[in-house]
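Take a look at the following structure, please.
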Amino acid sequence: MNAPRIDGPDAQGEVRLAGDWTLAHAPALGASVGAVRHRADAPLRIDASAITRLDTAGASLLLDLLAALPPDALQGLAPPHARLLDAVAEVRQEAVPADAPTPGLVRFVAGMGAALVDVWRNTLQLVAFLGLLLATLPGVLASPRRWRLTPLAVQIEQAGLNAVPIIVLLTFLVGAVVAFLGATVLREFGAALYTVDLIVYSFLREFGVLLTAIMVAGRSGSAFTAQLGSMKSREEIDAIRTLGMSPMDVLVVPRVLALVLALPMLTVLAMLSGVFGGAAVCALALDISPTMYFSRIQDVLELRHFWVGLSKAPVFAVMIALIGCLEGFKVSGSAESVGRHTTSSVVQSIFVVILIDALAAVFFMEMDW
(Lines give C-alpha, C1' and ligand atoms only; values in the text may rest on other atoms or scores of the structure.)
Protein backbone atom coordinates (compact mmCIF):
# COMPACT_ATOMS: atom_id res chain seq x y z
CA MET A 1 0.00 0.00 0.00
CA ASN A 2 1.32 3.43 -0.93
CA ALA A 3 0.77 6.06 1.75
CA PRO A 4 -1.08 9.05 0.34
CA ARG A 5 0.69 12.40 0.05
CA ILE A 6 -0.35 15.97 -0.59
CA ASP A 7 2.62 18.09 -1.66
CA GLY A 8 2.22 21.83 -1.98
CA PRO A 9 0.95 24.22 -2.84
CA ASP A 10 4.20 25.47 -4.39
CA ALA A 11 4.98 28.95 -5.62
CA GLN A 12 2.87 28.42 -8.76
CA GLY A 13 -0.11 27.22 -6.72
CA GLU A 14 0.21 23.59 -7.79
CA VAL A 15 -0.74 20.76 -5.43
CA ARG A 16 0.51 17.25 -6.21
CA LEU A 17 -1.45 14.24 -5.00
CA ALA A 18 0.04 10.77 -4.75
CA GLY A 19 -0.45 7.35 -3.20
CA ASP A 20 -3.58 5.40 -2.26
CA TRP A 21 -6.60 7.61 -1.61
CA THR A 22 -8.68 4.95 0.12
CA LEU A 23 -10.81 4.49 3.19
CA ALA A 24 -7.89 3.20 5.26
CA HIS A 25 -6.14 6.57 4.95
CA ALA A 26 -9.25 8.73 5.16
CA PRO A 27 -8.63 10.28 8.64
CA ALA A 28 -5.13 11.49 7.75
CA LEU A 29 -6.25 12.65 4.30
CA GLY A 30 -9.13 14.59 5.81
CA ALA A 31 -6.77 16.59 8.00
CA SER A 32 -4.39 17.22 5.10
CA VAL A 33 -7.18 18.36 2.78
CA GLY A 34 -8.45 20.78 5.43
CA ALA A 35 -4.95 22.17 5.92
CA VAL A 36 -4.45 22.74 2.18
CA ARG A 37 -7.78 24.52 1.85
CA HIS A 38 -6.93 26.82 4.76
CA ARG A 39 -3.47 27.66 3.39
CA ALA A 40 -4.68 28.42 -0.11
CA ASP A 41 -4.82 32.18 -0.77
CA ALA A 42 -5.19 31.83 -4.54
CA PRO A 43 -6.79 29.35 -7.00
CA LEU A 44 -4.89 26.06 -7.03
CA ARG A 45 -4.07 23.52 -9.71
CA ILE A 46 -4.35 19.89 -8.66
CA ASP A 47 -2.01 17.32 -10.22
CA ALA A 48 -3.55 13.87 -9.55
CA SER A 49 -1.41 11.84 -11.96
CA ALA A 50 0.41 10.07 -9.12
CA ILE A 51 -2.71 8.73 -7.41
CA THR A 52 -2.40 4.95 -7.56
CA ARG A 53 -5.69 3.85 -5.95
CA LEU A 54 -8.95 5.66 -5.41
CA ASP A 55 -12.17 4.51 -3.72
CA THR A 56 -15.39 6.35 -2.83
CA ALA A 57 -13.99 7.68 0.46
CA GLY A 58 -10.93 9.10 -1.31
CA ALA A 59 -13.10 10.49 -4.09
CA SER A 60 -15.26 12.28 -1.51
CA LEU A 61 -12.17 13.86 0.05
CA LEU A 62 -10.90 14.85 -3.39
CA LEU A 63 -14.22 16.54 -4.09
CA ASP A 64 -13.88 18.45 -0.82
CA LEU A 65 -10.50 19.67 -2.00
CA LEU A 66 -11.95 20.74 -5.35
CA ALA A 67 -15.06 22.35 -3.86
CA ALA A 68 -13.97 25.99 -4.31
CA LEU A 69 -11.83 25.46 -7.44
CA PRO A 70 -12.78 25.90 -11.11
CA PRO A 71 -13.71 22.78 -13.13
CA ASP A 72 -10.35 22.65 -14.96
CA ALA A 73 -8.29 22.77 -11.75
CA LEU A 74 -7.92 18.97 -11.63
CA GLN A 75 -5.38 17.50 -14.02
CA GLY A 76 -3.81 14.11 -14.69
CA LEU A 77 -6.43 11.90 -13.01
CA ALA A 78 -6.56 8.43 -14.56
CA PRO A 79 -9.78 7.69 -16.56
CA PRO A 80 -11.07 4.98 -14.17
CA HIS A 81 -10.52 7.31 -11.25
CA ALA A 82 -12.22 10.14 -13.12
CA ARG A 83 -15.31 8.03 -13.74
CA LEU A 84 -15.50 7.11 -10.06
CA LEU A 85 -15.08 10.77 -9.11
CA ASP A 86 -17.97 11.76 -11.42
CA ALA A 87 -20.22 9.06 -9.95
CA VAL A 88 -19.53 10.18 -6.38
CA ALA A 89 -20.09 13.81 -7.36
CA GLU A 90 -23.46 12.92 -8.91
CA VAL A 91 -24.57 11.06 -5.79
CA ARG A 92 -23.50 13.94 -3.56
CA GLN A 93 -25.52 16.40 -5.64
CA GLU A 94 -28.66 14.26 -5.32
CA ALA A 95 -28.29 13.60 -1.59
CA VAL A 96 -30.14 15.85 0.85
CA PRO A 97 -28.62 16.27 4.32
CA ALA A 98 -30.63 14.34 6.89
CA ASP A 99 -30.80 17.34 9.21
CA ALA A 100 -31.76 19.82 6.51
CA PRO A 101 -34.90 21.62 7.72
CA THR A 102 -37.90 21.44 5.39
CA PRO A 103 -40.00 24.61 5.24
CA GLY A 104 -43.48 24.24 6.68
CA LEU A 105 -45.13 25.44 3.48
CA VAL A 106 -43.25 22.80 1.48
CA ARG A 107 -44.39 20.07 3.88
CA PHE A 108 -47.98 21.31 3.67
CA VAL A 109 -48.01 21.40 -0.13
CA ALA A 110 -46.31 17.98 -0.31
CA GLY A 111 -48.89 16.54 2.09
CA MET A 112 -51.76 17.97 0.04
CA GLY A 113 -50.26 16.51 -3.12
CA ALA A 114 -49.84 13.09 -1.54
CA ALA A 115 -53.44 13.20 -0.27
CA LEU A 116 -54.76 14.06 -3.73
CA VAL A 117 -52.75 11.22 -5.25
CA ASP A 118 -54.20 8.81 -2.67
CA VAL A 119 -57.75 10.02 -3.39
CA TRP A 120 -57.24 9.58 -7.13
CA ARG A 121 -55.72 6.11 -6.67
CA ASN A 122 -58.54 5.00 -4.35
CA THR A 123 -61.13 6.32 -6.80
CA LEU A 124 -59.61 4.34 -9.68
CA GLN A 125 -59.45 1.20 -7.55
CA LEU A 126 -63.08 1.61 -6.49
CA VAL A 127 -64.24 2.10 -10.08
CA ALA A 128 -62.25 -0.95 -11.19
CA PHE A 129 -63.70 -3.01 -8.32
CA LEU A 130 -67.21 -1.87 -9.26
CA GLY A 131 -66.55 -2.94 -12.84
CA LEU A 132 -65.38 -6.36 -11.63
CA LEU A 133 -68.58 -6.73 -9.57
CA LEU A 134 -70.77 -5.77 -12.55
CA ALA A 135 -68.92 -8.31 -14.69
CA THR A 136 -69.33 -11.06 -12.07
CA LEU A 137 -72.88 -10.44 -10.86
CA PRO A 138 -74.82 -11.42 -14.03
CA GLY A 139 -73.03 -14.76 -14.22
CA VAL A 140 -73.76 -15.49 -10.57
CA LEU A 141 -77.44 -14.55 -10.81
CA ALA A 142 -77.90 -16.54 -14.03
CA SER A 143 -76.42 -19.71 -12.52
CA PRO A 144 -78.30 -21.05 -9.47
CA ARG A 145 -75.42 -23.45 -8.78
CA ARG A 146 -73.28 -20.39 -7.89
CA TRP A 147 -75.81 -18.98 -5.43
CA ARG A 148 -74.60 -18.98 -1.85
CA LEU A 149 -77.82 -18.69 0.09
CA THR A 150 -76.40 -19.54 3.52
CA PRO A 151 -73.76 -16.75 3.50
CA LEU A 152 -76.39 -14.41 2.06
CA ALA A 153 -78.81 -15.19 4.91
CA VAL A 154 -76.05 -14.80 7.50
CA GLN A 155 -75.02 -11.41 6.11
CA ILE A 156 -78.64 -10.20 5.97
CA GLU A 157 -79.02 -11.15 9.63
CA GLN A 158 -75.78 -9.46 10.67
CA ALA A 159 -76.09 -6.33 8.53
CA GLY A 160 -79.88 -5.96 8.64
CA LEU A 161 -81.72 -7.66 11.47
CA ASN A 162 -79.08 -7.03 14.12
CA ALA A 163 -78.95 -3.35 13.18
CA VAL A 164 -82.67 -2.71 13.70
CA PRO A 165 -82.53 -1.65 17.40
CA ILE A 166 -79.75 0.94 17.02
CA ILE A 167 -81.21 2.42 13.83
CA VAL A 168 -84.74 2.65 15.24
CA LEU A 169 -83.47 4.28 18.44
CA LEU A 170 -81.20 6.72 16.60
CA THR A 171 -83.81 7.87 14.08
CA PHE A 172 -86.49 8.17 16.79
CA LEU A 173 -84.23 10.53 18.74
CA VAL A 174 -83.24 12.49 15.64
CA GLY A 175 -86.91 12.82 14.73
CA ALA A 176 -87.55 14.25 18.19
CA VAL A 177 -84.66 16.71 17.82
CA VAL A 178 -85.91 17.88 14.40
CA ALA A 179 -89.37 18.39 15.88
CA PHE A 180 -87.93 20.48 18.74
CA LEU A 181 -85.93 22.63 16.33
CA GLY A 182 -88.87 23.10 13.98
CA ALA A 183 -91.18 23.98 16.84
CA THR A 184 -88.70 26.52 18.25
CA VAL A 185 -88.57 28.43 14.96
CA LEU A 186 -92.09 27.98 13.58
CA ARG A 187 -93.95 28.67 16.84
CA GLU A 188 -92.81 32.31 16.69
CA PHE A 189 -94.67 32.70 13.38
CA GLY A 190 -97.76 30.87 14.54
CA ALA A 191 -97.00 28.01 12.16
CA ALA A 192 -96.26 25.20 14.62
CA LEU A 193 -98.42 22.84 12.57
CA TYR A 194 -95.86 23.01 9.76
CA THR A 195 -93.43 21.16 12.01
CA VAL A 196 -95.20 18.03 10.80
CA ASP A 197 -94.32 18.90 7.19
CA LEU A 198 -90.69 19.47 8.16
CA ILE A 199 -90.40 16.12 9.91
CA VAL A 200 -92.11 14.11 7.17
CA TYR A 201 -90.26 15.69 4.26
CA SER A 202 -86.85 15.53 5.93
CA PHE A 203 -87.13 11.90 6.97
CA LEU A 204 -88.74 10.56 3.82
CA ARG A 205 -86.37 12.33 1.44
CA GLU A 206 -83.08 12.64 3.33
CA PHE A 207 -82.67 11.77 6.99
CA GLY A 208 -84.12 8.28 6.91
CA VAL A 209 -81.86 6.89 4.22
CA LEU A 210 -78.84 9.05 5.11
CA LEU A 211 -78.75 8.18 8.81
CA THR A 212 -79.33 4.52 8.02
CA ALA A 213 -76.52 4.47 5.46
CA ILE A 214 -74.09 6.18 7.85
CA MET A 215 -74.92 3.72 10.63
CA VAL A 216 -74.57 0.76 8.28
CA ALA A 217 -71.25 2.14 6.97
CA GLY A 218 -69.86 2.39 10.48
CA ARG A 219 -71.31 -0.94 11.57
CA SER A 220 -71.40 -3.32 8.61
CA GLY A 221 -68.86 -1.70 6.26
CA SER A 222 -66.19 -1.82 8.95
CA ALA A 223 -67.17 -5.42 9.74
CA PHE A 224 -66.69 -6.40 6.10
CA THR A 225 -63.20 -4.88 6.10
CA ALA A 226 -62.23 -6.53 9.37
CA GLN A 227 -63.54 -9.94 8.26
CA LEU A 228 -61.84 -9.92 4.85
CA GLY A 229 -58.70 -8.34 6.30
CA SER A 230 -58.41 -11.10 8.88
CA MET A 231 -58.93 -13.70 6.16
CA LYS A 232 -56.26 -12.00 4.06
CA SER A 233 -53.77 -12.00 6.94
CA ARG A 234 -54.43 -15.72 7.56
CA GLU A 235 -54.07 -16.44 3.81
CA GLU A 236 -57.60 -17.82 3.63
CA ILE A 237 -58.31 -15.80 0.48
CA ASP A 238 -55.31 -17.43 -1.19
CA ALA A 239 -56.70 -20.79 -0.10
CA ILE A 240 -60.03 -19.96 -1.77
CA ARG A 241 -58.22 -19.23 -5.03
CA THR A 242 -56.21 -22.45 -4.66
CA LEU A 243 -59.47 -24.40 -4.42
CA GLY A 244 -60.50 -22.95 -7.77
CA MET A 245 -63.13 -20.57 -6.40
CA SER A 246 -63.41 -16.84 -6.99
CA PRO A 247 -63.24 -14.52 -3.95
CA MET A 248 -65.74 -12.29 -5.73
CA ASP A 249 -68.30 -15.11 -5.86
CA VAL A 250 -67.61 -16.41 -2.35
CA LEU A 251 -66.98 -13.22 -0.37
CA VAL A 252 -68.05 -10.07 -2.18
CA VAL A 253 -71.29 -10.92 -4.00
CA PRO A 254 -73.13 -12.27 -0.87
CA ARG A 255 -72.19 -9.15 1.10
CA VAL A 256 -73.25 -6.77 -1.65
CA LEU A 257 -76.58 -8.54 -2.19
CA ALA A 258 -77.19 -8.69 1.57
CA LEU A 259 -76.78 -4.93 1.94
CA VAL A 260 -78.85 -4.25 -1.19
CA LEU A 261 -81.70 -6.22 0.38
CA ALA A 262 -81.24 -5.05 3.97
CA LEU A 263 -80.61 -1.33 3.58
CA PRO A 264 -83.98 -0.45 1.93
CA MET A 265 -85.83 -2.32 4.68
CA LEU A 266 -83.80 -0.54 7.35
CA THR A 267 -84.50 2.74 5.58
CA VAL A 268 -88.28 2.18 5.78
CA LEU A 269 -87.97 1.45 9.50
CA ALA A 270 -85.85 4.58 9.95
CA MET A 271 -88.45 6.71 8.17
CA LEU A 272 -91.25 5.35 10.35
CA SER A 273 -89.20 5.69 13.52
CA GLY A 274 -88.29 9.30 12.75
CA VAL A 275 -91.91 10.16 12.02
CA PHE A 276 -93.02 8.58 15.31
CA GLY A 277 -90.26 10.44 17.18
CA GLY A 278 -91.59 13.70 15.77
CA ALA A 279 -95.13 12.65 16.67
CA ALA A 280 -94.11 12.10 20.30
CA VAL A 281 -92.60 15.59 20.57
CA CYS A 282 -95.57 17.20 18.81
CA ALA A 283 -97.96 15.51 21.22
CA LEU A 284 -95.98 16.47 24.32
CA ALA A 285 -94.67 19.95 23.44
CA LEU A 286 -96.88 21.40 20.68
CA ASP A 287 -100.34 20.18 21.64
CA ILE A 288 -100.63 18.47 18.27
CA SER A 289 -102.50 15.25 18.92
CA PRO A 290 -101.50 12.06 17.11
CA THR A 291 -104.80 12.20 15.21
CA MET A 292 -104.05 15.71 13.95
CA TYR A 293 -100.41 14.75 13.28
CA PHE A 294 -101.19 11.80 11.02
CA SER A 295 -104.13 13.62 9.43
CA ARG A 296 -101.72 16.38 8.43
CA ILE A 297 -99.35 13.77 6.99
CA GLN A 298 -102.19 12.31 4.94
CA ASP A 299 -103.09 15.77 3.64
CA VAL A 300 -99.61 16.95 2.60
CA LEU A 301 -97.67 13.79 1.88
CA GLU A 302 -97.00 12.77 -1.70
CA LEU A 303 -95.81 9.26 -2.32
CA ARG A 304 -92.99 10.48 -4.56
CA HIS A 305 -91.08 11.75 -1.52
CA PHE A 306 -91.01 8.23 -0.13
CA TRP A 307 -89.72 6.79 -3.41
CA VAL A 308 -87.09 9.53 -3.76
CA GLY A 309 -85.61 8.59 -0.39
CA LEU A 310 -85.92 4.85 -0.91
CA SER A 311 -84.34 4.97 -4.38
CA LYS A 312 -81.01 6.02 -2.87
CA ALA A 313 -80.79 3.06 -0.50
CA PRO A 314 -79.59 0.41 -3.03
CA VAL A 315 -76.94 2.79 -4.38
CA PHE A 316 -75.65 3.49 -0.87
CA ALA A 317 -75.69 -0.24 -0.11
CA VAL A 318 -73.56 -1.13 -3.15
CA MET A 319 -70.97 1.58 -2.42
CA ILE A 320 -70.70 0.71 1.29
CA ALA A 321 -70.28 -3.00 0.58
CA LEU A 322 -67.77 -2.39 -2.22
CA ILE A 323 -65.61 -0.04 -0.15
CA GLY A 324 -65.69 -2.38 2.84
CA CYS A 325 -64.67 -5.40 0.75
CA LEU A 326 -62.04 -3.50 -1.24
CA GLU A 327 -60.34 -2.18 1.89
CA GLY A 328 -60.38 -5.71 3.31
CA PHE A 329 -58.56 -7.00 0.25
CA LYS A 330 -55.92 -4.26 0.69
CA VAL A 331 -54.84 -5.51 4.13
CA SER A 332 -51.16 -6.44 4.06
CA GLY A 333 -51.18 -8.98 6.88
CA SER A 334 -50.53 -7.25 10.19
CA ALA A 335 -53.05 -6.29 12.85
CA GLU A 336 -52.05 -2.65 12.36
CA SER A 337 -52.96 -2.91 8.69
CA VAL A 338 -56.38 -4.35 9.56
CA GLY A 339 -57.10 -1.43 11.89
CA ARG A 340 -55.86 1.16 9.42
CA HIS A 341 -57.95 -0.15 6.54
CA THR A 342 -61.01 -0.57 8.75
CA THR A 343 -60.78 3.10 9.69
CA SER A 344 -60.26 4.02 6.04
CA SER A 345 -63.30 1.97 5.07
CA VAL A 346 -65.59 3.85 7.47
CA VAL A 347 -64.26 7.26 6.44
CA GLN A 348 -64.51 6.55 2.72
CA SER A 349 -67.98 5.02 3.00
CA ILE A 350 -69.43 7.96 4.93
CA PHE A 351 -67.79 10.45 2.56
CA VAL A 352 -69.13 8.66 -0.53
CA VAL A 353 -72.61 8.33 0.97
CA ILE A 354 -72.81 12.06 1.74
CA LEU A 355 -71.36 12.97 -1.66
CA ILE A 356 -73.87 10.82 -3.54
CA ASP A 357 -76.71 12.14 -1.37
CA ALA A 358 -75.74 15.74 -2.16
CA LEU A 359 -75.55 15.03 -5.90
CA ALA A 360 -78.89 13.21 -5.76
CA ALA A 361 -80.51 16.13 -3.92
CA VAL A 362 -79.39 18.52 -6.66
CA PHE A 363 -80.57 16.13 -9.36
CA PHE A 364 -84.03 15.61 -7.83
CA MET A 365 -84.41 19.32 -7.26
CA GLU A 366 -83.58 20.11 -10.89
CA MET A 367 -85.99 17.37 -12.03
CA ASP A 368 -88.68 18.79 -9.69
CA TRP A 369 -89.24 15.38 -8.12
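Might you work out the accessible area of Phe294 for me, using a 1.4 Å probe with all protein chains in place, and round it to the nearest 10 Å²?
In the full protein context, Phe294 sits at about 80 Å².
How large, in percent, is the carbon and sulfur part of the accessible surface of the chain at a probe radius of 1.4 Å?
On the chain, the fraction of accessible area on carbon and sulfur atoms equals 67 percent.
So what is the calculated 222 nm ellipticity per residue for the chain, using -39500 (n - 2.57) for each DSSP H run with n of 4 or more, over all residues, to the nearest 500 deg cm²/dmol?
Only helices count here, giving -23000 deg cm²/dmol.
State the volume of the convex hull built on the alpha-carbon positions of the chain, expressed per residue in Å³ and rounded to an integer.
Convex hull volume per residue, Cα atoms: 274 Å³.
With a point put 7 Å past each Cα toward its Cβ, work out how far Ala280 is from Thr242 in nm, to one decimal.
Taking the simple label geometry, Ala280 and Thr242 are separated by 5.4 nm.
Which order do Lys312, Lys232 take when ranked by solvent-accessible area (1.4 Å probe, heavy atoms of all protein chains), largest first?
My answer, sorted largest first, is Lys232, Lys312.
On a 1.4 Å probe surface of the protein chains, which of Trp147, Trp120 comes out largest in accessible area, and what is the full order?
My answer, sorted largest first, is Trp120, Trp147.
Calculate the dipole size of the chain relative to its Cα centre from +1 charges on Lys and Arg beta carbons and -1 charges on Asp and Glu beta carbons; express the result in debye to the nearest 20.
Using Cβ point charges on Lys, Arg, Asp and Glu, the chain gives about 960 debye.
While we're looking at this one, here's another question. Taking the solvent-accessible surface of protein heavy atoms with a 1.4 Å probe, what is the per residue accessible area of the range 241-369 in Å²?
Computed with neighbouring chains in place, this is 47 Å² per residue.
Then there is this: Can you give the longest run of the chain that contains no GluC sites (Glu not before Pro) sitting in a DSSP loop with at most 13 other Cβ atoms inside 10 Å?
Longest run free of exposed loop sites: 1-234.
The values are calculated or read from the model by the stated rules, or taken from the named source; none is laboratory data. Keep in mind that this is a model prediction, so the values were computed, not measured. Counting neighbours? That spans all protein chains shown, and the Cβs are built from the backbone with ideal geometry, glycine included. For accessibility, only protein heavy atoms count, side chains too; no ligands or nucleic acids. Shrake-Rupley method; radii C 1.70, N 1.55, O 1.52, S 1.80 Å.
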